[in-house]
Amino acid sequence: MIKNGDRSRSYAIEATGVVKSLGQNLILKGINLRVNYGEVVAIIGPNGSGKTLLLRLLCGLAYPDQGRIITGGRVIEPKAGGALADVGLLLETPGFLPHLSGLNNLRLLAMLRQRITDADVAAAMRQVGLDPADRRPVRAYSTGMRQRLGIAQAVMERPQILLLDEPTNGLDPEYTGEFLNMLRELRGQGVAIVWTSHEMEEVTVVADRILALRSGVLADFNG
Amino acid sequence: MANTVRVFSSEVFRSLRRWPTALAFLLVVGFMIQGLISYSRSGFLTSHHSAYLAYLLAIDGSSGYWVGILPLAACLIGGDSLAWDRKTGFIRFMLTRSSRRAYILGKIASVTFLTGTVVLSGLLLSFLIASIWFPLALPPWHMVSGTATITNPAVPPTQILPWPTFLHNLLFSHPFVYVLVVSGVVTLSAIAWANVAMLISLWTTKIYLVLAGPWLVYVGGTFLFCVLGLIINLPLVNYAPVVLSGAFIGHGKEMTRAEIPFIWTGFIILTAIVTYTAFTRRKDILD
């Protein structure tokens, strides 16, 4: 998935001329995007504009038909192996294993990188207002709780790049404020954040740049 | 390699927290006990009860229904884990932490290991129960022209009773080793069906289809082998899935059939290669 040995730390994310179709539909028509470490970039666009697809390309869950993507200094392409070490991801409504507790879902994921302990996992849950001692399976969680668990999953390993797809969906208003504060804190720690949304108001308070994805092309929101 | 080991460990972690794993173990032991009960009430092959015969007849379907549900039990252990990952979207979180290659290799290895461990443990526990319940000895047997044969009043003493047909002489020379070999073959068959479930998971996320698919292939394949065998007048039924999964013990005319473990091993390797190749090459797995 990720080709090793092509490291460049100048940008956290660098996408050049990215084209992607789904079936017969051309969704992305030449995306150019550069994101620095310590920068929050918001991408605004209507539903179905390709925001989620773009995030999937940036983290290697899908591959571009044309163009080049470098995330965390690694080129994303189908033939190479390896995993993205420094990326936290939250895509759409986060999907967890319904029969496991929130803590066990996160412990299972943490085992894949083996960079954090169970105590770190529990701390990440507390950070988003979830109780790690809650033994209920995830299927008993509300939509808001699942979203919080998804955020905990994305930040628990302290990644340097965070890709968030409509992260405030389903969040209750009082926690949304805390979440925005957390993003500011992460930006202060040098984390690059790409945040997609269709709500203009919520991104303006944190984003350094706001881009609009319309008709498969990314442009400055005001441009 | 390290990534594959991590995926493997996480799958073991996950499987030990799933109730279907416990259900699969209970199904193995439960259906084997049903076979032992059925054996205790019949005088099949001989009027002398034997733990070895009780166990072998429960496995091969002569006195039990185990052979009929084998793929269903096997697939419950972990065969559906890939389908769950895809259905819930959990696979996205996993694939940002491991490569596709490590992910699928870890899945194949863990499903193979877990299915093998649970099924073999269940079978060996069943043998332990059989050996407590019945005398741990073979029934009376004698030699006919250098071939061991179970003494059966219904068969003339000069005639060889062709049971078992699988590795016939091994049962009489080393009965416990024979039990281990047969258990190993049945376990290989269970592993193969779990791998088939994983292969099906690449095309569907419907859990019931992933769990029932291998069983349908199992029963449908057996039916097909029987019908084709009759049409072309060849003993194809000896290679039908149900026969290779347990009924092989007393099925067929030859008294070796040592190729059966190799057939299952080859089938597992082939299924794993197809699963690996399809998963790493198909771009739409996550779409």
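Overview of results
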| item | result |
| --- | --- |
| Excluding exposed DSSP-loop trypsin sites (Lys or Arg not before Pro) (at most 14 other C-beta within 10 Å), longest clean stretch of chain A | A:136-223 |
| Taking chain A and dividing mean pair separation by its residue count, relative contact order in percent (alpha carbons under 8 Å, at least six apart) | 30 |
| Inter-chain Cβ neighbour average for residues B:84-91, partner chain, 10 Å | 5 |
| Cα-derived Rg to Rh of the protein assembly as shown, Kirkwood definition | 1.11 |
| Cα-projected label distance for B:Ser173 with B:Ser47, points at 7 Å along beta-carbon direction, nm | 3.2 |
| Cβ neighbours within 10 Å from other chains - mean over A:111-117 | 5 |
| Per-residue mean of C-beta atoms belonging to partner chains within 10 Å, peptide B:94-107 | 6 |
| Sequence-distant residues sharing a close amide H with A:Leu22 (under 5 Å, placed H) | A:Ile27 |
| Karplus-derived HN-Hα couplings along segment A:137-148 (A = 6.51, B = -1.76, C = 1.60, θ = phi - 60°), whole Hz, x at Gly and Pro | x, 4, 4, 8, 6, 6, 4, x, 5, 5, 5, 4 |
| Dmax and Rg, reported as Rg then Dmax, of segment A:169-223 (C-alpha, Å) | 12.5, 34 |
| Candidates A:Glu77, A:Glu39, A:Glu201, ranked by Gaussian network fluctuation over chain A, Cα under 10 Å, top entry | A:Glu201 |
| For chain A, calculated [θ]222 nm from helices alone, where every DSSP H run of n ≥ 4 adds -39500 (n - 2.57) | -8500 deg cm²/dmol |
| Tail weight of P(r) past 15 Å, computed on alpha-carbon pairs of segment B:192-249, percent | 53 |
| Label-point gap, in nm, between A:Arg115 and B:Leu26 - each point 7 angstrom along Cα→Cβ | 4.1 |
| Residue list for segment A:116-150, given a label point 7 angstrom along the Cα-to-Cβ vector of A:Glu174 and an amide N cut-off under 14 Å | A:129-130 |
| Degrees separating the helix B:207-232 axis from the principal Cα axis of chain B, which is the longest one | 50 |
| P(r) histogram, all alpha-carbon pairs of segment A:98-158 included - 10 Å bins from 0, percent | 26, 61, 13 |
| Rg [Å, one decimal], Dmax [Å, integer] - segment B:62-187, C-alpha atoms | 21.5, 69 |
| Most fluctuating residue given options B:Leu70, B:Leu234, B:Leu270, as computed from a GNM of chain B linking Cα atoms under 10 Å | B:Leu234 |
| Reciprocal mean inverse distance between Cα atoms of chain A - Kirkwood radius, Å | 17.8 |
| Acute angle (nearest 10 degrees) that the helix B:19-40 long axis makes with the longest principal axis of chain B, alpha-carbon atoms | 10 |
| Distant-in-sequence amide H partners of A:Ala62 (H built 1.01 Å from N, under 5 Å) | A:Leu57 |
| Amide hydrogen neighbours beyond the local backbone of B:Trp141, cut-off 5 Å, H modeled | B:Thr151 |
| Chain B: most fluctuating residue of B:Phe172, B:Phe113, B:Phe13 per GNM, C-alpha cutoff 10 Å | B:Phe13 |
| Mean residue ellipticity (222 nm) of chain B, computed from DSSP H runs ≥ 4 via -39,500 (n - 2.57), nearest 500 | -21500 deg cm²/dmol |
| Hz values of 3J(HN,Hα) by residue in segment B:96-104 - Karplus curve (6.51, -1.76, 1.60), Gly and Pro given as x | 7, 10, 8, 6, 4, 4, 5, 4, 6 |
| Gyration tensor (Cα) of segment B:2-286, equivalent ellipsoid semi-axes in angstrom | 38, 20, 15 |
| Principal axis dimensions, largest first and in whole angstrom, of segment B:111-255 by Cα | 57, 43, 20 |
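FYI, it's all coordinate maths here, none of it is from the lab. Predicted model only: the values in this text are computed from it and were never measured. Ideal geometry is used to build each Cβ from the backbone, glycine not excepted, and the neighbour counts take in all protein chains shown.
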